[in-house]
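Shown next, in structure tokens, is the structure this report addresses.
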Amino acid sequence: MLTVDFSRFPLAPGDRVLDLGCGAGRHAFECYRRGAQVVALDRNGEEIREVAKWFAAMKEAGEAPAGASAVAMEGDALALPFPDDSFDVVIISEVMEHIPDDKGVLAEMVRVLRPGGRIAVTVPRYGPEKVCWALSDAYHEVEGGHIRIYRGDELLDKMRQAGLEPYGTHHAHGLHSPYWWLKCAFGVDNDQALPVKAYHKLLVWDIMKKPLATRLAEQALNPLIGKSFVAYATKPHSPSLGGEDPQPEPAAQPEPAAPKTAKRTRSAAKPAGARGAAK
């Protein structure tokens, strides 16, 4: 189940991709299939080991084209172990709502993204997330759970402040919001409640079979109750640094600087706990 729409966020074979807070690896696997050179990074060592196993299985099965590569590694979103301008593409999906220093995470992503590179950020959408918080304290008051709810314009402002230029947004997973409302109403750990079990079967059927009926239903529901807010942005080619442009362009106007380094506070790339969208 992908949150990033690769028809709006094109990926070319050979692109260097960082899937930050990769979790179970869903976006990393798709990038690998598309011929990218993928680094899947997460603080959760258990998930990283599983992602590494799937990368190996995909390679053995010939699911990735020649020239593609994939590495899974543990790491900290606030202290990425990569030089500046290391990646053509950065994806961070359903992660920033878990991390206290979200500005620091954005700064690190901008640092490792090359000028002209692209970034996709997804977070739980404000409206559906507010309903979950209202229905259940346990949904967000768990260790590693959600600590904030983003409004779309707030997230875009933070991205601009970090030196990015947003170019598109949309909502995703409209079918998943009712599932999480049921989970919150019946208990987030109560998977045996009949409405929860029934709706989960529907979601599994949708993911596995992709029937036209649910595809059309999700398209209709996404603008109304899509569980995730997705934003795409680019890193400008010539950001100003300290008021000076190292490669001035005649028509360029000074732009806010992207910080060269992030705060070194240790923090989870994606802690274990509540997730913004059903996996």
(message) Among the residues of segment 130-150, what is the count of those that are modelled with pLDDT of 95 or more and more than 16 Å from the chain's Cα centre (by Cα)?
(response) 6
(message) Of everything in segment 170-190, what is within 16 Å of the chain's Cα centre (by Cα) and open to solvent by less than 20 Å² (accessible area, probe 1.4 Å)? Give them in sequence order.
(response) ALA172, HIS173
(message) Just to be sure I understand, how many residues within segment 28-78 are at pLDDT below 95 and of a type in the set (Val, Ile, Thr)?
(response) 0
(request) Just name the residue that is surrounded by the fewest Cβ atoms within 10 Å (Cβ to Cβ) out of those in segment 75-102 that are of a type in the set (D, E, K, R) and touching a Pro at 6+ places or on another chain (Cβ under 9 Å). (result) ASP85
(request) Scan segment 113-127 and give yes if some residue there is touching a helix residue (DSSP H, G or I) at 6+ places or on another chain (Cβ under 9 Å), part of a strand (DSSP E or B) and small (Gly, Ala, Ser), otherwise no. (result) yes
(message) Being hydrophobic (A, V, I, L, M, F, W, C) and outside any strand (DSSP E or B) is the filter here; which residues of segment 88-112 pass it?
(response) VAL95, MET96, ILE99, VAL105, LEU106, ALA107, MET109, VAL110, VAL112
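Looking at segment 57-74 only, could you name the residues that are part of a loop (DSSP other than H, G, I, E, B) and either among the aromatic types (Phe, Trp, Tyr) or surrounded by fewer than 19 Cβ atoms within 10 Å (Cβ to Cβ) (or both)?
Residues satisfying the conditions are ALA61, GLY62, GLU63, PRO65, ALA66, GLY67.
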(request) Answer yes if at least one residue in segment 38-56 is over 17 Å from the mean Cα position of the chain (by Cα), hydrophobic (A, V, I, L, M, F, W, C), assigned to a loop (DSSP other than H, G, I, E, B) and surrounded by fewer than 17 Cβ atoms within 10 Å (Cβ to Cβ), and no otherwise. (result) no
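Check TYR199, TYR167 and return the single one that is open to solvent by 20 Å² or more (accessible area, probe 1.4 Å), touching a helix residue (DSSP H, G or I) at 6+ places or on another chain (Cβ under 9 Å) and at pLDDT 50 or above.
Going through TYR199, TYR167 in turn, just one is open to solvent by 20 Å² or more (accessible area, probe 1.4 Å), touching a helix residue (DSSP H, G or I) at 6+ places or on another chain (Cβ under 9 Å) and at pLDDT 50 or above: TYR199.
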(message) Testing THR3 on (1) surrounded by fewer than 17 Cβ atoms within 10 Å (Cβ to Cβ); (2) out of contact with any helix residue (DSSP H, G or I) (no Cβ under 7 Å at 6 or more places or on another chain), one condition comes back false. Which one is that?
(response) (1)
(message) Can you tell me which residue is most open to solvent (accessible area, probe 1.4 Å) among those in segment 6-37 that are more than 17 Å from ALA64 (Cβ to Cβ) and among the small types (Gly, Ala, Ser)?
(response) SER7
(message) Contact list please: Cβ distance under 9 Å, first residue in segment 1-14 and over 16 Å from ASP88 (Cα atoms), second residue among the aliphatic types (A, V, I, L, M) and open to solvent by 20 Å² or more (accessible area, probe 1.4 Å), pairs at least six apart or on different chains.
(response) MET1/ILE207
(message) Return the pair list, or none, for Cβ contacts closer than 6 Å from residues in segment 138-160 that are under 18 Å from HIS171 (Cβ atoms) to residues that are of a type outside the set (A, V, I, L, M, F, W, C) and assigned to a loop (DSSP other than H, G, I, E, B), at least 6 apart or on different chains.
(response) HIS146/HIS140
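The values are calculated or read from the model by the stated rules, or taken from the named source; none is laboratory data. Because the structure is a prediction, the values reported are computed rather than measured. When we count neighbours, we look across all protein chains shown, and the Cβ atoms used for this are built from the backbone with ideal geometry, even at glycine. Areas reflect the complete protein model, heavy atoms only, side chains present, ligands, DNA and RNA absent. Shrake-Rupley method; radii C 1.70, N 1.55, O 1.52, S 1.80 Å.
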